[in-house]
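Read the structure below first, then the notes.
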Amino acid sequence: MPEKLFEEANNWFIRLRADDVSPEEQQDFNRWLAANPQHAQAWNEVQDLFALLETPAKTFRQQDCQASVIQITPRTRRRSFIPIRAAAALLLCAALTFFLQPAVLQNLQSDYHTATGEQQQIALADGSRLLLNTDSAVIVDVESDERRVQLLRGEVFFEVAHAPQRPFWVDAGEARARVTGTAFSVGRSADNITITVAEGRVETSTQDHPDLITPLTPGESAYYQGRELAVKQATDVQRTLAWRQGQMVFVQATLAEVVEQINRYRPGRLIITNEQLKNRPITAVFSVNRLDDAVTALEQTFGIRARRLTDYLVLLG
């Protein structure tokens, strides 16, 4: 089943358990459920998964989520175990962790979001365009006097319609960018923010110090860590924004950096098991739509052994 459908079913599951679900939202869910047989399949799988983990633990107290594992010693090895009630409570905690992970909650907040490996083009009412990269979420607010986008996670390329009287703001964590008409990208991973300009001029600052402006022109990037500007530097825009053409370009990048990027686009996980390989330099161009070919290339071109435990989990080393 496509990951996107399972994610949509997750979002509906969480929303429908809330106390403030409106009749309109219930109708929207009913339409979504009836739109495609795979929607009903995804919905049933989400319900079954939660029921499997919730039912055995529903009578246990909340403090059982703090249950600790008994330390096994030679004397107690034969009879040491995690009590069934604690194990069930831990399973429930795991289920709640899954369903209430930040990405799922951000998707509920957002106006637009993408799943892993997905990209989406958004046209705003003012003529501006947004290209959401993989695993991204945004809130959009277009008013008569200003336009504002909040980047919750991920990466977005903005092509902003020229409107000097209606500034366009992008808020990402503690960092923000202001333009009246230009083309640029903003990426966010937790509190690390990257702003890269392709065309025009972008004024960057932080929420705490809006008057301390760092201007950017084409070919420049600003990196913010929390409330601080870490560095402003020149960048290769074509390489940095190659994802818009469905590519990842690496020039003497470490294997760790390559794997980090592949994991952004590929469902599942690549894990480097050999520490000595993490700093190995890699120069390559991969398609974001054919990342299993990238794993094959790491094997055949770079001699890095790949052990495929499942379609989703691959060990490198």
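Laboratory data are not the source of any read-out in this text; all were calculated from the coordinates shown. All values reported here derive from a predicted model rather than from experimental measurement. Cβ atoms come from the backbone with ideal geometry, glycine included; neighbour counts cover every protein chain shown.
May I ask you to compute the full-extension gain from T310 to D208, defined as 0.36 nm times their residue separation minus their alpha-carbon distance, rounded to one decimal in nm?
32.1 nm
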*Mind putting a number on the dipole of the range 113-265 about its Cα centre? Charges go on the C-beta only, +1 for Lys and Arg and -1 for Asp and Glu, and I need it in Debye to the nearest 20.*
260
_Cut-off 18 Å, label 7 Å out along Cα→Cβ of E146, residues of the range 185-207 by amide N_ = 202-207
*Which of the trypsin sites (Lys or Arg not before Pro) across the range 210-317 are loop residues per DSSP, with 15 or fewer other Cβ within 10 Å?*
R227, K278, R290, R305
*Considering only DSSP states other than H, G, I, E and B, which trypsin sites (Lys or Arg not before Pro) in the range 151-181 qualify as loop sites with at most 10 other Cβ atoms within 10 Å?*
none
*Assuming a ≥ b ≥ c are the square roots of the Cα gyration tensor eigenvalues, decide whether the range 274-317 counts as rounded (a/c under 1.5), prolate (otherwise, with a/b larger than b/c) or oblate.*
oblate
